[in-house]
Amino acid sequence: MRPAPERDSAADAGARRVVRATRRSPELWLLVGAYALLIARVYLSTLARGLWEDGYFAKRFAYNFWHHGSFSWNPADGPSYGMTSQVLELSAALLYRLAPEHFVLTLKAALFAALPLTLGVLLHLTRPRDGAARARGIAGFPGALVCLAGLAEPLLPEIATSGLETPLALLGVALTLVLFRRFTGGHGGRALGIACLGLYLTRPDAILIPLVLLSGHALLSTLRPTPRVQPGFREALWVLAGVGLGLGVLLAGLRAYYGSALPLPFYVKVRGLSVQDADHLAIFAPEKLENLSRFAFCAAPLVFIALHARSREVGLWLSAAAVFTAYHALFTIETMGQLSRFYLPALVPLVAAAAQAYPAYLQRRRLPASALFAVACLVVFFGVLGRRGLELGLPREAYAPALVVLALLLVVPPRAVRAAFWPALLVLVAGAFRVYPVETLDFADDERILLDQIRRRMAFREIERVRERLHPRVLFHTDMGAPGVLFPEARVVDIDGLLNPAIALRHMSVEELCRRERPDVFYVPNAAYPSLRAAILGGRCIQDYRRVVPLDRFTTLHVRSDLLPLYGALDPEL
C-alpha cells in the first residue's frame, strides 16, 4: 500500500516544481515593466500639459472638501453630484491633500499608473491554466502578445492626461472580469457583487459589462448546462439580486447626501433626458461618428481574433463589449467624449477575449484571410478615416507602432510567436520615445500649467485681468474647469447644467438664474450654444452688463455695469 503515496508525493513534487518555475519566470514581469516604461515616457513628455476641461472639476471638489467639509461645487449649495466617478472624487481628495499645488501632476501620475496595473490584471486573467504552460513563460502564453498589443493603443495614455476616470474604469473592469471567472469556477459570488458596486462608483455605465456577463451566464446555464460549470442560473440570479439590492441602497445613500441619486452629467449626456437644446446637440452628432469609427478601428483586430474561438467565456466577453458599445452608440450625447473615451472600457473584455482565443486563432486561421484583413485595416486607416474627415484624434505617427504590432499579431507563424514578442515590445517602446520626446523636466504648479493652457482659448479671454481687478463674488460660465480652480472661493455658476442642479433637475432658465444671482462677471456662451446664447443676449438681465472687448465678436466676457470702473481701462468705443 506504500507505492501509491510515493507516486502522489512525486506528483505533488512535480506540481511544486512547475509552480516554482512559473514564479521564477521573469518574462511577464519584464513585460509589465517595459509597458510601464512606455507609459512613464508619455507621462514625462506631457508634464506641462494641463488636464481636460472636466478634469479640473476634481480639484475644486477636493478643495471644498478639505476647506468647507463637503464634496460641493459651491459650498453654499451643499454637496453636489457633479463628479460622475465617486472613486475618482475620493482619490482626488487624497491626492490634493498630499500635494495641493501640484494636483495636476499627481492626478495624472495616478491615472497613468492604472494602465500597467490593468495590463498585469489582464495577464493574470488570460494566463494559461495549465501549470506546465505557465512555467514556459511567454513561450506558453501567446495571449500575452495580444494583451500588450491591445493596451498599446495610443488612445489610452492620451486619455490618462485628461484627469478623467477612464483609466480607473479600465482597471475596475479588468478586476471584475477576474472575479467573474472565479465565480464561474464555483466561488467568489459575494466578492463579484461587491466589485460590481465598486465599478459603478468608478464609472456607472461600466456596470453594464459584469451585468451582461452574469445575465449571459445565467441564460447559458439554463439553455446549455455543462457539468464543468458549477454555479448555474440560481447562483447567478442571487448575485444579480444582491447587486440590485446593493445598488438600491447605494442610490438611496447618494440621494440622501447629494440630493440626486444619479450624477448631474447624466441629465446632460443621455439622449432623451438631456437639458441641452437641439442646436447644441446637433453640433456633437458628427463627433459620435468619429469616436465610434475610431474605436471600431481599434477593436476590429481583437474581434477578428476572438471570433476564431469556440468558447463560452470568450462569447460572453464579446457580448459584454458589444452591449456596452451599443449603449453609448445609441443613447449617449458625446460632449467631452474626445478620443472615444466613452467606449474604451469595452476594450478590456475585447482584449481578454482575443488573448484567450489567440492559441485557437493560430491553429485555425487561414493566413491569406488574415493578411487580407491586416491590409484592409491599413487601407481604412490611411485612406478612409482621413479622407472622409473622420478625425484620428492623434497624429498618424502615434498609431504607427501599434499598427505594426497588430499586423504582426495577425500574420506571425505559430512557431515564431515567442521570437516576435520582444521585437514587438521594442517597436512599442521605441515608438513612444519617438512620438513623445522629453526635452525638459518641468514640474510646474497647477496655476502655471492652467494659465499657460487657457491663454490661447477665447472662452477665457481676460480671465487673468478679471481675477486681478474684480475679485468676482459670482461668475457665470459654461466651461467650468478653469474658473472653478482660479476662483476657489467665488460662486462659480454653471449655465450649461452639468454642475447645476437648478438647470439639470429643476429646468430653471439662465435668465431666472441671472436675476437671482446677479453675477459680477458673465461669460456669455460661444457659438457652440446658439439657442442659449440667443436667449441670454435677448433677455432682460444681460442689459445690465457690458461686453468689455467689443471689437472682438467672439469674446464672451461681460462685466456688470456698476463694476466697469474697477475693471479698468476699456475700449474707447464703449
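The values are calculated or read from the model by the stated rules, or taken from the named source; none is laboratory data. These numbers were taken from a predicted model, which means no experiment stands behind them. We place every Cβ from the backbone using ideal geometry, glycine too, and count neighbours over all the protein chains shown.
If you go through the range 177-204 and keep only what is in a helix (DSSP H, G or I), without any contact (Cβ under 8 Å) to a residue 40 or more places away in the chain and of a type in the set (Gly, Ala, Ser), you end up with Ala191, Ala195. Residues in the range 149-176 that are touching a Cys at 6+ places or on another chain (Cβ under 9 Å) and in a loop (DSSP other than H, G, I, E, B): 1 in all. All told, Gly78 falls short of being surrounded by fewer than 22 Cβ atoms within 10 Å (Cβ to Cβ), at positive phi and without any contact (Cβ under 8 Å) to a residue 60 or more places away in the chain.
Conditions tested, residue by residue: (1) out of contact with any strand residue (DSSP E or B) (no Cβ under 9 Å at 6 or more places or on another chain); (2) β-branched (Val, Ile, Thr); (3) under 21 Å from Cys147 (Cα atoms); (4) crowded, with 16+ Cβ neighbours inside 10 Å.
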{"site": "Tyr267", "(1), (2), (3), (4)": "yes, no, no, yes"}
{"site": "Leu273", "(1), (2), (3), (4)": "yes, no, no, no"}
{"site": "Pro286", "(1), (2), (3), (4)": "yes, no, no, no"}
{"site": "Leu289", "(1), (2), (3), (4)": "yes, no, no, no"}
{"site": "Phe295", "(1), (2), (3), (4)": "yes, no, yes, yes"}
{"site": "His308", "(1), (2), (3), (4)": "yes, no, yes, yes"}
{"site": "Leu318", "(1), (2), (3), (4)": "yes, no, yes, yes"}
{"site": "His328", "(1), (2), (3), (4)": "yes, no, no, yes"}
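Residue count for the range 330-365, restricted to those that are touching a strand residue (DSSP E or B) at 6+ places or on another chain (Cβ under 9 Å) and assigned to a helix (DSSP H, G or I): 1.
For Leu318, indicate whether it is in a helix (DSSP H, G or I) and either modelled with pLDDT of 90 or more or among the polar types (S, T, N, Q) (or both). Spelling it out, Leu318 is indeed in a helix (DSSP H, G or I) and either modelled with pLDDT of 90 or more or among the polar types (S, T, N, Q) (or both).
Here's the yes/no breakdown for (1) in a helix (DSSP H, G or I); (2) free of Cβ contacts under 8 Å to residues at least 24 places away in the same chain; (3) charged (D, E, K, R):
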{"position": "Leu499", "(1), (2), (3)": "no, no, no"}
{"position": "Met508", "(1), (2), (3)": "no, yes, no"}
{"position": "Glu511", "(1), (2), (3)": "yes, no, yes"}
{"position": "Asn526", "(1), (2), (3)": "no, no, no"}
{"position": "Arg546", "(1), (2), (3)": "no, no, yes"}
{"position": "Val559", "(1), (2), (3)": "no, no, no"}
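Gly248 falls short on exactly one of the conditions (1) within 26 Å of the chain's Cα centre (by Cα); (2) buried (at least 17 other Cβ atoms within 10 Å of the Cβ), and that condition is (2).
Only helices (runs of 4 or more DSSP H) whose full extent lies in the range 40-135 are considered here, and the ones with at least 2 residues that are among the charged types (D, E, K, R) are 57-68, 86-98. Quick test of your reading of the structure: Leu201 fulfils all but one of (1) modelled with pLDDT under 95; (2) within 23 Å of the chain's Cα centre (by Cα). Name the failing condition by number. With (1) modelled with pLDDT under 95; (2) within 23 Å of the chain's Cα centre (by Cα) applied to Leu201, the lone miss is (1). For the range 432-465, taking the residues that are of a type in the set (Asp, Glu) and within 23 Å of Ala99 (Cβ to Cβ), the one that is nearest to the chain's Cα centre (by Cα) is identified as Asp446.
Gly253 falls short on exactly one of the conditions (1) surrounded by fewer than 19 Cβ atoms within 10 Å (Cβ to Cβ); (2) within 23 Å of the chain's Cα centre (by Cα); (3) without any contact (Cβ under 8 Å) to a residue 60 or more places away in the chain, and that condition is (2). Every condition in (1) within 30 Å of Val559 (Cα to Cα); (2) in contact with a Cys (Cβ under 9 Å, 6 or more places away or on another chain); (3) not β-branched (Val, Ile, Thr) holds for Ala482 except the one numbered (2).
Residues checked against (1) touching a Lys or Arg at 6+ places or on another chain (Cβ under 6 Å); (2) under 20 Å from Phe71 (Cβ atoms); (3) outside any loop (DSSP other than H, G, I, E, B); (4) charged (D, E, K, R):
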{"position": "Ala236", "(1), (2), (3), (4)": "no, no, yes, no"}
{"position": "Gly242", "(1), (2), (3), (4)": "no, no, yes, no"}
{"position": "Val249", "(1), (2), (3), (4)": "no, yes, yes, no"}
{"position": "Gly253", "(1), (2), (3), (4)": "no, yes, yes, no"}
{"position": "Gln276", "(1), (2), (3), (4)": "no, no, no, no"}
{"position": "Ala285", "(1), (2), (3), (4)": "no, no, yes, no"}
{"position": "Glu290", "(1), (2), (3), (4)": "no, no, yes, yes"}
